[in-house]
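A.B. asks: Here you go, one structure.
What follows is calculated from the coordinates using simple rules that are stated; it is not laboratory data. Note that the coordinates shown come from a computational prediction; the quantities given were computed from them, not determined experimentally. Ideal geometry is used to build each Cβ from the backbone, glycine not excepted, and the neighbour counts take in all protein chains shown.
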Ligand code: PLP
């Protein structure tokens, strides 16, 4: 089957290659926090290496101590109890989602995905033999029961909810999730709650997970999370799935024949992350909030860029650039992305990768200084057309 490379990884690789040639590119293409992993977490990994915890396989689904640490973290954060054996640790949340699609999707199974949504869901569904079905959203980038009704068929078995959402920063409220969750229960559809940005919510907005809404909805939901975004640990590759025993046992079988266990050292680091007092997470959250509040009004002023609702979480802006495409005299947002990289030396991602051409994704997981320079470059570039 045909599979296309991840657009976010591709643009970032191009930007990094340009940087290696000495070109001063600012990379706002990838969702990678720019902070170093908190020292206490790195120290736990060093300790694991120095005490020889490197030369053995752990269970494919992760160390029992790590599963306990995850179960405790979920209980503290959500007030929801999962026994440790209902948790599988994976090599990143990306692998968690991949293995879930392999588990839940048969040939022809339809998986409902909001449009726009993260680049890999669609490909992962196709790789599992399923059919991705996009659910339309309005100006607020949220699905609702009308758009779900329009998309659903009897082959639909799974709905993915990612709140806070990549690429829009949208956060669903408790009431909205209750309505969507009830709809899924009624249609016998399994919900995947991709909560990877759950710790990154700004300006008095509140995050709530699908698994917190009601017991009935939680029972229909598989929870996915990881350490990449909240703990600035993208390189460590630790994610997890929490769900029903039967599902977890199927997931574990697939893991045992594919990745085997995630790197043992990373698992020890993740235990430290989940057991820490979370103050470093809060420090990083505040830095993202300051960046959002600083650049949101500036991006709005770039000629041809239109931002509707202010993002509430994650670390992305998703402006409508259809006007900018016209101003620059090019055919598509993809062409505009190429121009911004070539001429303004700023890497961003085409909305097409998220199912929404005419838009761009700008990641603000970069220093304030780089963000301000990047916005200045994009403004200067667009100003030549007005
Ligand atoms: N889900 C979403 C919505 C994401 O944006 C990402 C990363 O960009 C992931 C999952 C995967 O995260 P990781 O594999 O780094 O844990």
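A.B. asks: With axes computed from alpha carbons, what is the tilt in degrees of helix 279-300 against the longest principal axis of the chain, rounded to the nearest 10 within 0 to 90?
C.D. replies: Between the helix axis and the principal axis of the chain, the angle is about 30 degrees.
A.B. asks: Something else: With axes computed from alpha carbons, what is the tilt in degrees of helix 245-257 against the longest principal axis of the chain, rounded to the nearest 10 within 0 to 90?
C.D. replies: The helix 245-257 is inclined about 70 degrees to the chain.
A.B. asks: Spin-label point model (7 Å from Cα, Cβ direction): what's the residue 23 to residue 258 distance in nm?
C.D. replies: 3.5
A.B. asks: Can you list, largest first and rounded to whole Å, the semi-axes you get for the range 159-215 by taking the square root of 5 times each eigenvalue of its Cα gyration tensor?
C.D. replies: That gives 20, 12, 9 Å for the three semi-axes.
A.B. asks: Which one of 309, 17, 151 has the biggest mean-square fluctuation once the chain is modelled by GNM with Cα springs under 10 Å?
C.D. replies: 17
A.B. asks: Can you give the angle from 0 to 90° between the axis of helix 7-20 and the longest principal axis of the chain, with both taken from C-alpha atoms, to the nearest 10?
C.D. replies: Here the helix axis deviates by roughly 60 degrees.
A.B. asks: Hey, could you get me the Stokes-Einstein D for the range 1-123, Kirkwood radius over alpha-carbon pairs, 25 °C and 0.890 mPa s, rounded to whole µm² s⁻¹?
C.D. replies: Answer, rounded: 132 µm²/s.
A.B. asks: Bin width 5 Å, alpha-carbon pairs only: give the P(r) of the range 230-307 as whole percents, running from 0 to the bin holding the largest distance.
C.D. replies: In order of increasing distance, the bins hold 3, 11, 14, 14, 14, 11, 10, 9, 8, 5, 1 percent.
A.B. asks: Just grab the label-to-label distance for residue 85 and residue 4, each label 7 Å out from Cα along the Cβ direction, in nm (one decimal).
C.D. replies: Once both label points are built, they end up 4.4 nm from each other.
A.B. asks: May I pose another question? To the nearest 0.05, what FRET efficiency results for residue 294 and residue 216 with a Förster distance of 30 Å applied to their C-beta separation?
C.D. replies: 0.10
A.B. asks: Please express the shape of the range 56-275 as an equivalent ellipsoid: the semi-axes are the square roots of 5 times the eigenvalues of the C-alpha gyration tensor, given largest first in whole angstrom. Walk me through the numbers before you get to the answer.
C.D. replies: Values: eigenvalues 139, 78, 48 Å².
Three semi-axes, in Å: 26, 20, 16.
A.B. asks: Sticking with this one: Could you quote the convex hull projected area for the range 81-209, Cα atoms only and averaged over all directions, in nm²?
C.D. replies: 8.3
A.B. asks: Continuing with the same structure: Please report, in whole Å³, the volume per residue of the convex hull around the C-alpha atoms of the range 158-303. The partial results should precede the final answer.
C.D. replies: Working: hull volume 22.6 nm³, N = 146.
Per-residue hull volume (Cα only) is 155 Å³.
A.B. asks: If you don't mind, there's one more thing I want to ask. Please compute the Kirkwood hydrodynamic radius of the range 174-256 from all pairs of different C-alpha atoms, in Å with one decimal.
C.D. replies: 14.1
A.B. asks: How much FRET efficiency would the formula 1/(1 + (r/R0)^6) give for residue 174 and residue 51, where r is the Cβ-Cβ distance and R0 is 51 Å, rounded to 0.05?
C.D. replies: Approximately 0.70, to the nearest 0.05.
A.B. asks: With runs of 4+ DSSP H residues as the only contributors, calculate the mean residue ellipticity of the chain at 222 nm using -39,500 (n - 2.57) per run, divided by the residue total and rounded to the nearest 500.
C.D. replies: Details: 14 runs with 164 residues, N = 386.
Value at 222 nm, helices only, nearest 500: -13000 deg cm²/dmol.
A.B. asks: Moving on. P(r) of the range 254-373 in 10 Å steps, Cα pairs, percent per bin?
C.D. replies: Percent of Cα pairs in each bin: 12, 33, 24, 20, 11, 1.
A.B. asks: Another question, then. Within the chain, what percent of beta bridges assigned by DSSP are antiparallel, to the nearest 5?
C.D. replies: Of the beta bridges lying entirely in the chain, close to 45 percent run antiparallel.
A.B. asks: With each label point set 7 Å from Cα along the Cα-Cβ vector, what nm distance links residue 249 and residue 308?
C.D. replies: According to this spin-label approximation, the distance is 4.6 nm.
A.B. asks: With viscosity set to 1.567 mPa s and temperature to 4 °C, compute the Stokes-Einstein D of the chain, Rh being the Kirkwood radius across alpha carbon pairs; µm²/s, no decimals.
C.D. replies: Working: Rh = 21.4 Å.
The Stokes-Einstein estimate is 61 µm²/s.
A.B. asks: Using the 2.2 N^0.38 Å rule of thumb for compact globular proteins, work out how the range 309-386 stacks up: its C-alpha Rg over that value, please.
C.D. replies: 1.05
A.B. asks: Only bridges whose two residues both fall in the range 187-273 count here: according to DSSP, what percent of them are antiparallel, nearest 5?
C.D. replies: Bridges in the range 187-273 are about 50 percent antiparallel.
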